[in-house]
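For reference, the structure discussed in these notes is given below.
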Amino acid sequence: MKILISNDDGYLAPGLLALADAMAQIADVVIVAPERNRSGASNALTLDKPLSVSKVSSNVYFVDGTPTDCVHIALTGLLDYRPDLIVSGINQGQNMGEDTLYSGTVAAATEGYLFGIPAIAFSQAEKGWRHIDDAARFALNLVKHKLDHLEQPYLLNVNIPNRALAELKGIQLTHLGKRHQSEPVIKSTDPRGNPIYWIGPAGAVKEAGEGTDFYAIEQGYVSVTPLQIDLTNTELLAKLKKVW
Ligand code: MN
């Protein structure tokens, strides 16, 4: 098996290294990841400049672009084979509810999925890396034991509580919860008196009932959400077809 690994926290992030170490037990792994932290990059492709790929070792590359750039380059120009699986992460911090739209971790997996390759985004809820090796071990077990029967390609979003492996309660299959809208930007002034704006934090959790990713994590379970890409609002489409 050949596994391509990327992330959005950068190629030196502990979460990526732990994930790569774990996957190396069952596969040939190659890392193609951003040069620096690109969290929040979503599915952005860099179109306004060429990108450099730097080789760190025989199977580790970093790119001065986004997570999506990394997977795109790996699949269309860098690798001379097609990976069997793409794993992204393990992100520092959860990616649940609408976070999944902004997440570079999810985006790297999505890019692989768009090329027809099964892909999994892994994130660790609660920052701090404390139990990152346990999260990586859980990721390995999931890849080893849970995917055989799945129709390919699939796109899975996995959030893992920041706990020791023995403290994880198991897997809950979930749908995405919802957040309130983000907090407002924080307005300030730079040293020259010009206005500057910091994007504010994500909104508080709004829909976190049973069955959601937020609920699973809250209860100490690993949340696994199958994702899809089609954003069509089929309900509204049907209504519009009757009146337009
Ligand atoms: Mn990140």
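Worth a mention:
- The stretch 19-106 shape via C-alpha gyration tensor axes, a/c threshold 1.5: oblate
- When the alpha carbon gyration tensor of the chain is reduced to an equivalent ellipsoid, the three semi-axes, largest first, read 27, 24, 21 Å.
- Heavy-atom accessible surface of the chain: percent carbon and sulfur, 1.4 Å: 52 percent
- Under a model in which nothing but the beta-carbon of Lys, Arg (+1) and Asp, Glu (-1) is charged, the stretch 137-244 shows a dipole of about 200 debye around its Cα centre.
- Here the Kirkwood formula puts the hydrodynamic radius of the stretch 64-132 at 12.5 Å, using every distinct Cα pair.
- Cα centroid separation, the stretch 58-72 to the stretch 131-200: 20 Å.
- Listed by number, the DSSP H helices of the chain that run 24 Å or longer by alpha-carbon position along their axis and have mean Kyte hydropathy of at least -1.0 come to an empty list.
- For the peptides 192-204, 68-80, 143-155, the ranking by mean Cβ contacts within 10 Å, running from highest to lowest, is 68-80, 143-155, 192-204.
- Taking chymotrypsin sites (Phe, Trp or Tyr not before Pro) across the stretch 41-141, the ones in a DSSP loop with at most 10 further Cβ atoms lying within 10 angstrom of their Cβ are Tyr81.
- From phi via Karplus (6.51, -1.76, 1.60), per-residue ³J(HN,Hα) for the stretch 184-197 in Hz, x at Gly/Pro: x, 4, 9, 8, 8, 10, 7, x, 9, x, 7, x, 10, 9
- Taking Cα centre as origin and charging only the Cβ of basic (Lys, Arg, +1) and acidic (Asp, Glu, -1) residues, the dipole magnitude of the stretch 1-135 rounds to 180 debye.
- Candidate aspartates and glutamates - alpha carbon under 20 Å from Lys55, same-chain residues fewer than 8 apart omitted: Asp8, Asp9, Asp21, Asp28, Glu35, Asp64, Asp69, Asp80
- Amide H contacts of Asn91 (H built 1.01 Å from N, under 5 Å, at least 5 apart or other chain): Phe122, Ser123, Gln124
- Surface exposure of the stretch 1-160, expressed per residue as accessible area with a 1.4 Å probe, stands at 42 Å².
- Gyration tensor (alpha-carbon) shape descriptor, the stretch 141-244, a/c threshold 1.5: oblate
The values are calculated or read from the model by the stated rules, or taken from the named source; none is laboratory data. The structure presented is a predicted model; accordingly, all values stated were derived computationally and were not measured. Here the Cβ is made from the backbone with ideal geometry for all residues, glycine too, and neighbour counts use every protein chain on show. Note: areas computed on protein heavy atoms with side chains; ligands, DNA, RNA excluded. Shrake-Rupley method; radii C 1.70, N 1.55, O 1.52, S 1.80 Å.
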